[in-house]
1. Provide the net charge surrounding A:V100, with neighbours chosen by a C-beta distance below 12 Å and charges set as Lys +1, Arg +1, Asp -1, Glu -1.
2. Around B:L234, with a cut-off of 13 angstrom between Cβ atoms, what is the net charge of the other residues, counting Lys and Arg +1 and Asp and Glu -1?
3. Would you kindly calculate the mean projected area, averaged across all directions, of the convex hull enclosing the Cα atoms of the stretch B:3-91, in square nanometres?
4. Please compute the volume of the convex hull spanned by the alpha-carbon atoms of the stretch B:284-409 and report it per residue in Å³.
5. How much net charge surrounds B:I32 when only other residues with a Cβ under 14 Å from its Cβ are counted (Lys, Arg +1; Asp, Glu -1)?
6. What is the antiparallel percent of DSSP beta bridges lying wholly in the protein assembly as shown, to the nearest 5?
7. Compute the angle between helix B:231-249 and the longest alpha-carbon principal axis of chain B, please, reported from 0 to 90 degrees and rounded to the nearest 10.
8. State, in angstrom, two size descriptors of the stretch B:84-187 derived from its alpha carbons: Rg to one decimal place and Dmax to the nearest whole number.
Amino acid sequence: MTERLPSVLIIDENTSRASIIEAGLSAAGHTRVTVINEMHGIAAKIARHEPDVIVIDLENPNRDMLESIFQLSRAVKRPIAMFVDRSDTEAMQSAIDAGVSAYVVDGLRQERVKSILDMAISRFNAFSRLERELEEARGALEERKVIDQAKGLIMKSRGVDEATAYKLLRKAAMNGNRKIVDVAESLVMSARLLGDEGK
Amino acid sequence: MMTELSAGFLPLTDSAILIAAKERGFASDEGIALNLVRETSWANVRDKLAVGQFEIAHALAPMPIAANLGLTPFDTRLIAPMALGLGGNAITVSNRLLADMRQQQPFTMLNAREAGAALARLVKAGLTEGRKRLQFGVVHPFSGHNFELRYWLSASGILPESDIEIVILPPPLMADALAAGQIDGYCVGEPWNSVGVTRGAGQIIATKSSIWASSPEKVLAVREDWAEENAATLHALLRALYRSAEWCGQAENHAALADMLASHHYLAQPAGVILPALDGSILGLSDIGEPGSAARPDFFQPHSRAATFPWQSHALWFYSQMVRWGYVEHTSDHARIARQTFRPDIYRSVLAAIDVPVPSANSKVEGALSRTIAVGASSRALYLGPDGFFDGAIFDPDRLDAYIESQKP
């Protein structure tokens with residue numbers, strides 16, 4: 001008898017993160033993957049899907065409630081033990097670092113669960129990286145805007161061209177051992193305080 | 001050099017001792033830099049403590065017991081070398097349920113026996129008429145909230161598992177769920193009862209202290225192996241937390257403590273909803289014409305009545321309730337594991353050395369003290385009690401089997 005791949009339920013209120021995990025699992029051949037983004041009526045949804053493995057993000061404030069649902073479900077002869085392998089501290093550590101947790105049905109073969117959790121961990125990490133990069137890109141855009149504004153202020157007050165304005169800015173930063181963006185920011189800020197928007 | 005310790009906590013008034021230890025410098029005086037991490041669930045606190053991301057945690061008293069009994073995901077053994085205060089919870093019901101209860105039978109607010117009797121009449125009438133069962137929220141199965149709510153219901157003649165329904169919800173969602181009519185009442189730690197009253201969602205009908213006076217709630221949980229390998233650090237921490245508890249317990253510090261906890265790093269709630277648990281005032285009662293009953297100085301006790309001593313009789317009472325509600329089977333091994341999770345020996349050896357009055361016994365008969373008395377302590381006088389259950393029952397830890405037997409349906 002060939003063993004079916006376990007059915008997986010992903011509980012994540014972050015829809016984009018849930019979908020990249022779902023995509024990863026599908027690519028790895030998992031056909032029975034369900035995503036729940038909405039906590040309302042969760043007990044009934046879990047009962048309907050009868051998952052073998054539940055993947056959930058650690059920041060979900062409803063983890064205590066979900067665990068009690070799993071406990072109740074043990075009462076109706078559907079035992080769910082928690083986490084992967086009690087002895088595998090390293091795996092648990094990396095799961096917690098990534099911000100993901102998993103619950104598995106008792107008796108499920110360890111290596112099957114491991115591959116699912118590994119996938120979830122790597123996708124969670126990839127997602128955080130992506131978010132960080134986005135954040136940085138957003139920050140970089142902001143920085144450029146501030147520097148442009150500061151350059152404009154200098155061009156106006158000193159009557160110089162853009163290249164010279166930038167040089168002055170850079171020199172001020174180097175002299176003060178500060179970042180250009182910080183100097184630019186304080187320049188823009190003080191101009192605002194003085195009522196000169198530098199336009 | 002400072003030793004850095006990461007501590008997980010949930011946004012509750014009874015995390016005060018940990019927070020004040022950091023903010024008022026009691027921890028740094030002992031060479032400890034506390035890194036306080038607010039968590040969103042007890043499951044997170046448990047998991048991060050078990051894998052070592054936290055060295056210490058603000059924990060529900062039954063949590064380390066459940067962990068050592070193998071009822072939670074990790075094999076890591078935990079100990080509770082200190083309690084983080086007595087009381088601090090309450091039962092809040094919706095305005096509608098309160099009106100229905102009072103219609104059945106008038107009762108004095110904060111009188112657990114009378115409130116229980118009124119609720120019992122209402123529940124029985126509802127069952128007869130085939131009305132929908134009432135729903136009460138608690139935060140975790142292995143919590144003082146779950147066990148004290150069930151104790152109160154049972155002793156009032158209500159079966160918690162068939163006459164009503166108990167659901168699990170995160171503390172910050174309780175008030176909204178009550179206001180929206182998703183639940184009819186809840187038992188939760190402060191400030192979430194006072195928050196419910198302030199939002200107009202309901203009223204506090206009983207404090208934990210009116211169900212069981214001077215009763216245990218949160219503990220300091222640490223891994224047993226960590227405690228053994230870092231004994232000096234643990235001892236320094238216990239001294240710092242004791243000093244912090246002393247400070248938290250002084251009435252003149254309550255306003256400052258409420259402001260401190262209100263910070264967005266900690267409870268992120270207005271100081272006005274935090275103060276009631278500290279000074280024992282109960283919000284809302286004067287609005288419904290009951291100003292007389294609106295004071296419970298023992299609502300939350302961070303220091304007096306040996307509030308930080310980890311009584312093994314408290315551990316055993318929680319264990320008896322885990323057995324009662326079918327979470328674990330009663331064996332002498334299980335009882336021993338539960339009892340030994342609480343470590344009064346560590347507490348005593350550390351604090352007696354700095355001349356703090358410490359109980360000389362590890363256990364006491366719970367419910368035996370109807371008033372405050374001075375007891376045998378290692379040095380200066382120590383005051384205990386009252387510690388009675390609202391139904392007058394006694395829990396003698398030496399007669400555990402009989403107690404468990406007496407609570408069987």
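FYI, it's all coordinate maths here, none of it is from the lab. Here the structure is a predicted model, which means the values were calculated and not measured. Cβ placement follows ideal geometry from the backbone for every residue including glycine, while neighbour counts extend to all protein chains displayed.
1. Charge balance in the 12 Å sphere: -3.
2. With Lys, Arg at +1 and Asp, Glu at -1, the neighbours total -4.
3. 6.2 nm²
4. That works out to 147 Å³ per residue.
5. For residues surrounding B:I32, the net value is -1.
6. 60 percent
7. 50 degrees
8. 13.0, 44
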